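Worksheet: one structure, shown below.
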Amino acid sequence: MIYAENILICIAAPLIISLLFTNGNVRIFIGSILTGMTACLLCAYINGFIDITSGLGAEQTAVYYSPIVEEFVKLLPLLFLLAVFEPDSDTLFLSALGIGSGFATFENCCYLLTSGSSSFSYVLIRGMAVGVMHIVSIMMLALGLEIAKRLRLLSFQTVVCALSFSITFHAIYNLLVSEEGITSYIGYILPTVAAIILNILLSSMRQTNERSSTDKLP
Amino acid sequence: MYNEIMRWISLSIWLASWVTITIVTAIRMKRFRDNTAAKYFLFACISCILSNIYWFVHTIMRPDSRIPFAANEIAENAIFLLLASCLIKLFNGKPPRTSVVINASVFAAANTALWIAWTGEYIKDIMCGACFGYFLCITAGAVDNTELLSKRQKAFFFVSTWSVIALQSITLFTRSHLKDIADTVCYFLMAAVIIVWFAVTRAEIRRQNADKSTAAAMMLFAWCDIVMYLSAEPMYFGAMLCSAAGIVLVLMSLLITEDEK
C-alpha cells in the first residue's frame with residue numbers, strides 16, 4: 001500500500017514554493033498542475049468508495065465509473081475559473097493543460113510506486129498512452145467550453161455536452177485497453193492520434209482568431 | 001444469430017445516419033451562422049456520435065454483457081438537454097401550458113418507473129428519466145403551441161400513448177398468455193403511433209411549415225426513443241431505425257427554418 005497523500009505533499013511542496021517566484025502564465029500553469037494532482041487524489045478516494053459500494057470490482061469500476069468521476073472532478077476547477085475569472089481562451093487552455101498534466105503525472109507516480117518501473121513497455125504505456133489520454137480529454141473539455149463561450153451558448157446544457165465529450169473519450173480508451181489484443185493496441189495509439197488532431201484544431205482556431213482580430217484593425 | 005445480425009445492421013445504420021446528419025449540419029453551418037438552434041443541434045449530433053461509438057466498441061468487446069451506468073449515459077442525457085434547448089431557441093422561449101407540462105412529466109415519470117422495474121438501475125434510469133422528461137415537456141409544448149394537432153388527433157395520441165403504459169404495466173404483473181397478448185397489442189400501438197407521427201411530420205415538411213414540422217419531427221424522435229426503451233430485441237432495432245429517420249426529419253425541418261429566413 002502506498003501513502004498517496006505523502007507522495008502528493010512531497011511532489012507539491014517545491015511547486016508551491018515556486019509559485020512565490022513566478023507570475024503570469026507560469027504561475028497559472030504551476031497552480032493548475034497542483035490542482036490536477038489534488039484532483040487525482042480526490043478521484044482515487046471516490047473511485048475506491050464506488051469500487052466497494054457497487055461491488056463491481058476494481059477492473060469494472062475503472063472501465064465504467066472512473067471516466068465519469070475523473071472527468072467531472074477535472075471539470076470543477078475549469079468551471080470555477082470560467083465563472084470567477086472569465087479567462088481568455090489561451091488562459092483556459094493553459095489551465096486545462098496544467099490540470100491534465102498534474103493529474104496524469106501524479107497518477108503515474110503512484111502507479112510506478114505500486115507496480116515498479118522495471119518494465120519499459122509498462123512505463124511507455126503509462127506515459128505515452130494514459131498520460132496523453134488525460135491531457136487530451138481535458139483539452140477536449142476545454143475546447144468544448146471555449147466553443148460554447150464563443151458561440152454565446154455557455155449554459156448547463158453545453159457544459160454537460162462538453163463533459164460528455166471528455167467522458168466518452170476517456171471511457172472508450174479504458175474500454176479498449178481493458179482486454180488484451182488488437183483493441184488494446186488501438187487504445188494505446190488513440191490518445192496520440194487524438195492529440196495530433198486536437199493540436200491541428202486548436203492551431204486553426206488560433207489562426208482564425210488572429211485573422212479576425214487583424215481584420216478588425218483600422 | 002438472427003438477433004446478432006439485426007443488432008449489427010441496426011447499429012451500423014444508426015451510426016451512419018448520425019454521422020451523415022452531423023456532416024451535413026457542419027457543412028451548412030455557414031448558412032446556420034445566426035441560427036442558435038442549429039448550433040445546439042450540431043452539439044447534440046456530436047454527443048450522439050461519441051455515445052454511439054462507445055456503444056459500438058462495447059458491443060464488439062462485450063457483446064453479452066449489459067452496459068451498467070456508464071460514460072455514454074452522460075452523452076445521451078446531453079442529447080436530450082441540447083435538443084430541448086434547440087426547440088426553446090426556435091420557439092423564442094415560449095413556455096408550454098401547465099396542463100401539457102403536467103401530462104408530459106407524469107408520462108415521463110411512468111416510463112421511468114417501468115424502466116426501473118425492468119432493469120433495477122435506479123440512478124441511471126432516474127437521471128435519464130429527468131432529462132428525457134424535460135425534453136418531452138418542451139417538445140409537447142412546441143406541438144401544443146404550434147396547434148399542430150386537431151382535438152381528435154390529440155385524443156388519439158393521448159389514449160394510445162397512455163394505453164401503451166397501461167399494457168406495459170400489465171406485463172409486469174401477469175404471466176404467459178395475458179402477458180403475450182398485452183405485449184403484442186403494445187407493439188401494434190407503438191408502431192401505429194410511429195406511423196401516424198411520421199405521416200404528420202412528412203405532411204408538414206411538404207407544406208414547408210417550419211415550426212410545425214420541427215415540433216412534429218422532435219415528437220417523432222421522442223416517441224421512437226420511448227419505443228426503444230420499452231422494447232426488447234428485435235423490435236428495439238426497428239425503433240432505433242425509426243429514431244434515425246426522425247432525426248433526419250428534424251434536420252430537414254431546420255433547413256426549412258433557415259430557408260424561411
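The values are calculated or read from the model by the stated rules, or taken from the named source; none is laboratory data. Nothing here was measured: the structure is a model prediction, and the numbers come from that model. Here the Cβ positions follow ideal geometry from the backbone for every residue, glycine too, while neighbour counts run over all protein chains shown. Heavy atoms of the whole protein, side chains included, go into the accessibility calculation; ligands, DNA and RNA do not. Shrake-Rupley method; radii C 1.70, N 1.55, O 1.52, S 1.80 Å.
Within the range B:164-185, is there a residue that is surrounded by fewer than 20 Cβ atoms within 10 Å (Cβ to Cβ), in contact with an Asp or Glu (Cβ under 7 Å, 6 or more places away or on another chain) and part of a helix (DSSP H, G or I)?
The answer is yes, given that some residue of the range B:164-185 is surrounded by fewer than 20 Cβ atoms within 10 Å (Cβ to Cβ), in contact with an Asp or Glu (Cβ under 7 Å, 6 or more places away or on another chain) and part of a helix (DSSP H, G or I).
In a helix (DSSP H, G or I) and surrounded by fewer than 16 Cβ atoms within 10 Å (Cβ to Cβ) - does that describe any residue in the range B:30-38?
The answer is yes, given that some residue of the range B:30-38 is in a helix (DSSP H, G or I) and surrounded by fewer than 16 Cβ atoms within 10 Å (Cβ to Cβ).
Filter the range A:156-168 down to the residues that are more than 7 Å from chain B (Cβ to nearest Cβ) and open to solvent by 10 Å² or more (accessible area, probe 1.4 Å), then identify the one that is nearest to B:SER51 (Cα to Cα).
The extreme case among them is A:VAL159.
Return yes when B:PRO68 is in contact with a helix residue (DSSP H, G or I) (Cβ under 8 Å, 6 or more places away or on another chain), away from chain A (no Cβ under 14 Å), assigned to a loop (DSSP other than H, G, I, E, B) and touching a residue at least 12 places away in the same chain (Cβ under 8 Å) and no when it is not.
When the stated conditions are applied, B:PRO68 does not pass them.
Scan the range B:37-48 and give yes if some residue there is closer than 24 Å to A:ILE68 by Cβ, more than 11 Å from chain A (Cβ to nearest Cβ) and in contact (Cβ under 8 Å) with a residue 24 or more places away in the chain, otherwise no.
No, the conditions are met nowhere in the range B:37-48.
Scan the range A:13-33 and report the pairs whose first residue is farther than 21 Å from A:GLU86 by Cα and whose second residue is among the aromatic types (Phe, Trp, Tyr) and surrounded by 13 or more Cβ atoms within 10 Å (Cβ to Cβ), with Cβ atoms within less than 9 Å and a gap of 6+ or a chain change.
Partner pairs satisfying both residue conditions: A:THR22/A:PHE29.
Select, from A:LEU97, A:LEU151, the only residue that is more than 14 Å from chain B (Cβ to nearest Cβ) and open to solvent by 40 Å² or more (accessible area, probe 1.4 Å). I'd like the intermediate steps shown before the answer.
On the way: A:LEU151 fails: more than 14 Å from chain B (Cβ to nearest Cβ).
A:LEU97 is the lone residue from the list that is more than 14 Å from chain B (Cβ to nearest Cβ) and open to solvent by 40 Å² or more (accessible area, probe 1.4 Å).
Determine which member of the set B:THR112, B:THR59 is touching a helix residue (DSSP H, G or I) at 6+ places or on another chain (Cβ under 8 Å), surrounded by fewer than 18 Cβ atoms within 10 Å (Cβ to Cβ) and more than 10 Å from chain A (Cβ to nearest Cβ).
Working: B:THR112 fails: surrounded by fewer than 18 Cβ atoms within 10 Å (Cβ to Cβ).
None of the others qualify; the one that does is B:THR59.
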